[in-house]
Ligand SMILES: [Zn+2]
């Protein structure tokens with residue numbers, strides 16, 4: 001019997017080298033050296049890396065690619081971003097949301113990004129974003145796993161109809177309960193919102209993903225409440241704290257109490273390196289805080305940490321290209337995670353760790369997993385991050401859905417080589 005796809009001579013993220021990958025009926029049927037079966041298509045990986053697809057577990061697809069609408073964010077702060085988004089929301093249409101989101105998904109596929117958790121604002125009574133992204137979720141299902149989080153951007157209690165609209169969004173089919181406790185009017189309201197949201201999730205059997213403590217205020221401690229409510233309601237492993245930037249500025253003694261509580265409740269942590277490094281510390285002169293949460297320290301306590309992209313060309317961030325390797329690169333730089341094993345960990349923060357947060361079934365390059373993966377122009381995971389490696393082939397359900405030619409420059413220098421392939425500069429040993 002003929003295979004749908006056979007990849008020859010691949011390296012894998014766990015260090016295995018020279019393996020072949022057989023795909024049949026949307027699944028990986030074998031990962032071993034020397035597979036000789038017939039296949040409809042065979043690709044020679046030539047000792048380059050085959051990774052499971054990139055995953056972005058924190059994104060805003062209702063706002064993406066809206067840069068400049070209706071104007072630019074002049075101060076560059078989170079708060080002006082929220083205000084600007086408020087202006088844009090007034091004039092948003094379902095068609096415009098769908099069109100921009102689908103365009104972003106094209107870009108995502110070309111970058112090997114095949115699973116996205118997107119927050120969707122529920123503070124607009126028309127629920128334009130919700131309607132648009134529910135349609136997009138269905139349209140892209142053949143090539144992207146899209147999860148939606150009901151996100152009360154203007155505050156669950158601070159915005160007049162947010163409670164009602166959040167429930168409406170869940171009734172319409174939004175997957176996950178979101179929140180923004182640090183944006184409520186008082187610390188008490190913030191804590192109350194965490195309790196309210198976790199109870200809704202427990203009642204409905206849903207996951208929780210809160211924008212949590214996205215502030216430089218070291219006293220913003222809603223993550224403590226999230227860990228407590230997770231424990232109280234038996235939601236272990238089903239809740240996530242996104243951003244957690246206040247932890248950057250917290251007192252070290254308090255953090256030594258907080259991290260074990262997070263570990264005990266199995267709360268996932270999602271840092272958004274590109275956004276955190278640009279939005280946080282804006283009220284500082286010098287020294288200027290970085291704002292990224294304490295990634296190596298959480299890792300030390302066994303807390304599952306992922307890196308999200310958060311924004312691409314929207315009111316909060318005018319850069320970005322759907323490249324999760326750029327996200328991993330920024331995460332490791334800001335977190336000073338420069339040992340070989342810490343850099344490999346940074347790759348996991350955009351692959352296996354977010355897969356766990358999203359609860360993706362059949363994720364990985366192993367026998368029995370879904371035949372979804374990416375062939376990169378790099379030998380290993382560290383090289384992939386260093387080079388923001390070209391996605392030579394993106395495979396979904398055993399079919400190649402995107403291809404990019406290798407990046408090779410033609411050189412015209414007397415006495416020097418004719419071509420330069422950046423992947424040839426990999427170090428000799430690891
Ligand atoms: Zn966000």
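Only the coordinates and a few stated rules stand behind these numbers; no lab work does. The structure displayed is predicted, hence computed values, not measured ones. Cβ placement follows ideal geometry from the backbone for every residue including glycine, while neighbour counts extend to all protein chains displayed.
Observations
- Footprinting exposure proxy ranking of 119, 58, fewest other C-beta atoms within 10 angstrom first, gives 58, 119.
- Taking the inverse of the mean reciprocal distance over all distinct Cα pairs, the Kirkwood hydrodynamic radius of the stretch 31-121 comes to 16.5 Å.
- Computed from the alpha carbon positions, the gyration tensor of the stretch 1-83 leads to an equivalent ellipsoid with semi-axes of 44, 15, 10 Å, biggest first.
- Principal axis analysis of the Cα atoms in the chain yields extents of 64, 46, 44 Å, listed in decreasing size.
- Convex hull projection area averaged over all views, the stretch 313-430, Cα basis, nm²: 10.5
- Calculated FRET value between residue 32 and residue 336, using beta carbons and R₀ = 35 Å, to 0.05: 0.35
- Kirkwood hydrodynamic radius (C-alpha pairs) into Stokes-Einstein, the stretch 237-319, 10 °C and 1.306 mPa s, D in µm²/s: 118
- Antiparallel %, DSSP beta bridges [both residues in the chain], to 5: 40
- Helical runs (DSSP H, four residues minimum) scored at -39500 (n - 2.57) apiece and divided by the length of the chain put the mean residue ellipticity at 222 nm at -10500 deg cm²/dmol.
- Expressed as a fraction of 2.2 N^0.38 Å, the value expected for a compact globular protein of N residues, the C-alpha radius of gyration of the stretch 225-271 is 1.10.
- Taking a point 7 Å out from the Cα of residue 253 in the direction of its Cβ, the residues of the stretch 208-228 whose backbone N falls within less than 19 Å of it are 218-221, 224.
- Shown for 75, 159: other C-beta atoms within 10 Å of each C-beta, ranked fewest to most, produce the order 75, 159.
- Ordering 256, 193 by the number of other Cβ atoms within 10 Å of each residue's own Cβ, fewest first, gives 256, 193.
- Cα-based Rg of the stretch 141-294 normalised by 2.2 N^0.38 Å, two decimals: 1.03
- For the stretch 90-247, the relative contact order comes to 17 percent (Cα pairs under 8 Å, sequence separation of at least 6).
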